[in-house]
Amino acid sequence: MEIVRSQRSRTNTPNDSVSTLPLYRYAPQLEVRLEDFEVFAMDRLRVLKGISDALARGKRPEEMENLVRDLWKANMRHPEASEDVNKDIISHFVLRLVYCRTEDLRKWFLSMETALYRYRFLLGSSEAKRALMEEFDLPCKAISRTEFENAKEKLEQVARSFDQPLPTADAIFYKVPFEEVPELVAGRRVYIHKGHAYVAMHQVVSLVVTQFRSNLSKALILTNRKWTSTIREQERDRLTPIVEALSMSYLGPDYSQTKEFGEISIKDLDQLARSSFPLCMRHLFDKLREDHHLKHGGRMQLGLFLKGVGLRMEDALAFWKAEFSQKVGAERFDKEYAYSIRHNYGKEGKRTDYTPYSCQKIISSTPGVGDHHGCPYRHFSEENLRAALGRMGVGSRAMEDVVDKVRNRHYQLACTLTFEAVHSSSCDAGINHPNQYFSDSHKILQPKVEIVI
């Protein structure tokens, strides 16, 4: 896969005989614009993260099918229909490169790509499924009519035990080595005879997915070796920065400028902190009020958040000065701290308009001793987290759900459940950004609370 900067990628229209669900065995021999390299990967990442959130929420299989269909349609369609398959393949291999680099990244990517493959296979036609099985060269063979009649009673027993329709005379079953379908064997959902599992057509997805997962797992290890031995160094000035940043990419709206609620006043901050700040920002705000000081990481995290919710630069300077002057004095504040606040608003240095931190960036931070920034769901002890959630008004039952998600490292979902508990309102999109939490909270509470702007 060759990457070019300005050429339009020229690719062949996929042959109609090729399944629209690729095998991803080989990287495509295509020229890809650098812009497409990143955009395609981010589009696919939106799909995978949507699947991850839904699985963590315990969505049912039929809900997952509909979700995957909608996510794919919303993110993976190309303006030119003939390019859809190429976008699919390119995005997969880009993310394979992105997520091959550590064990945790490989584990997440393998799970999400396997889930995506499962539901895309289920959504396909019978003809597409059979074509894909042939392409995979799966170790299975359709049973003969005689074999079906001999095993019919056993097959009916399996079907009854799972409330499935009884197999009819025209039903298709495949004879497969039982070790190739471990999830069906573990669930006692197949009849096994002489080392072979009799797999119904509607169960073939288990065989396909097992094969796909095995192939991808091996490929990720090989890709990691190539990345560490050659690619990372060869592409250090071009692809490496993109690859290393993609796994941490924020995929939601831009909160660098407040757009929905206009500006907020200093006198509203305490009320807003109690009602609409996410836990990470509420903790920083409370610590600032308590200690009249925050270290650099805390000042950046809270300061950019306040900028994003609508605090003007002049008010930000006044707010921070009022707090810090109680600890370091007004003169020292003006000399050592005021510049960084103006810098965050794009009024100093390179005049960069800095963006508030996303959940992903906050979760990946590493607070040291005396720091208060970071994600409380990741960085707090369970005892401290429970105490903080209690102060936010999270009930005992919801608190257990939040703590359970934290134990399973679903930190953003834990924040989402906190939002739902505090606001008694669902948040199906999930929380992906502190400023999104504030925005969604403000939309819910605006009719109930008057904020003076």
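The values are calculated or read from the model by the stated rules, or taken from the named source; none is laboratory data. Because the structure is a prediction, the values reported are computed rather than measured. Because the Cβ atoms are built from the backbone with ideal geometry, glycine has one as well, and the counts that use them run over all protein chains shown. Please note that ligands, DNA and RNA were not included when accessible areas were found on the heavy atoms of the full protein model with its side chains. Shrake-Rupley method; radii C 1.70, N 1.55, O 1.52, S 1.80 Å.
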The lone condition CYS359 fails out of (1) open to solvent by less than 20 Å² (accessible area, probe 1.4 Å); (2) of a type outside the set (S, T, N, Q); (3) within 16 Å of LEU279 (Cβ to Cβ); (4) without any contact (Cβ under 8 Å) to a residue 24 or more places away in the chain is (4)
Within segment 248-296, the count of residues that are of a type in the set (S, T, N, Q), at pLDDT 90 or above and open to solvent by 40 Å² or more (accessible area, probe 1.4 Å) comes to 1
LEU132 vs. criteria modelled with pLDDT under 90, open to solvent by 70 Å² or more (accessible area, probe 1.4 Å) and aliphatic (A, V, I, L, M)
no
Tally, over segment 73-92, of residues that are surrounded by fewer than 20 Cβ atoms within 10 Å (Cβ to Cβ), part of a helix (DSSP H, G or I) and not basic (Lys, Arg)
6
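Table: residues versus (1) charged (D, E, K, R); (2) outside the structural domain of ILE51 (by the TED database); (3) under 20 Å from PHE277 (Cα atoms); (4) crowded, with 18+ Cβ neighbours inside 10 Å.
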site: GLY370; (1), (2), (3), (4): no, yes, no, no
site: CYS375; (1), (2), (3), (4): no, yes, yes, yes
site: GLU383; (1), (2), (3), (4): yes, yes, no, no
site: GLY395; (1), (2), (3), (4): no, yes, yes, no
site: MET399; (1), (2), (3), (4): no, yes, yes, yes
Note on ARG118: of the conditions (1) charged (D, E, K, R); (2) under 30 Å from GLY50 (Cα atoms); (3) modelled with pLDDT under 90, unmet is (3)
LYS194 fails exactly one of the following numbered conditions: (1) farther than 26 Å from ARG46 by Cα; (2) open to solvent by less than 80 Å² (accessible area, probe 1.4 Å); (3) outside the structural domain of GLU323 (by the TED database). What is the number of that condition?
(2)
Checked against (1) in a loop (DSSP other than H, G, I, E, B); (2) in contact with a Lys or Arg (Cβ under 9 Å, 6 or more places away or on another chain); (3) closer than 30 Å to ALA245 by Cα, HIS293 satisfies every condition except (3)
Residues being open to solvent by less than 50 Å² (accessible area, probe 1.4 Å) and part of a loop (DSSP other than H, G, I, E, B) - total across segment 317-348:
7
Please enumerate the residues belonging to segment 215-247 that are among the aliphatic types (A, V, I, L, M), farther than 30 Å from GLU180 by Cα and either surrounded by 14 or more Cβ atoms within 10 Å (Cβ to Cβ) or in contact with a Lys or Arg (Cβ under 7 Å, 6 or more places away or on another chain) (or both).
ILE231, LEU239, ILE242, VAL243, LEU246
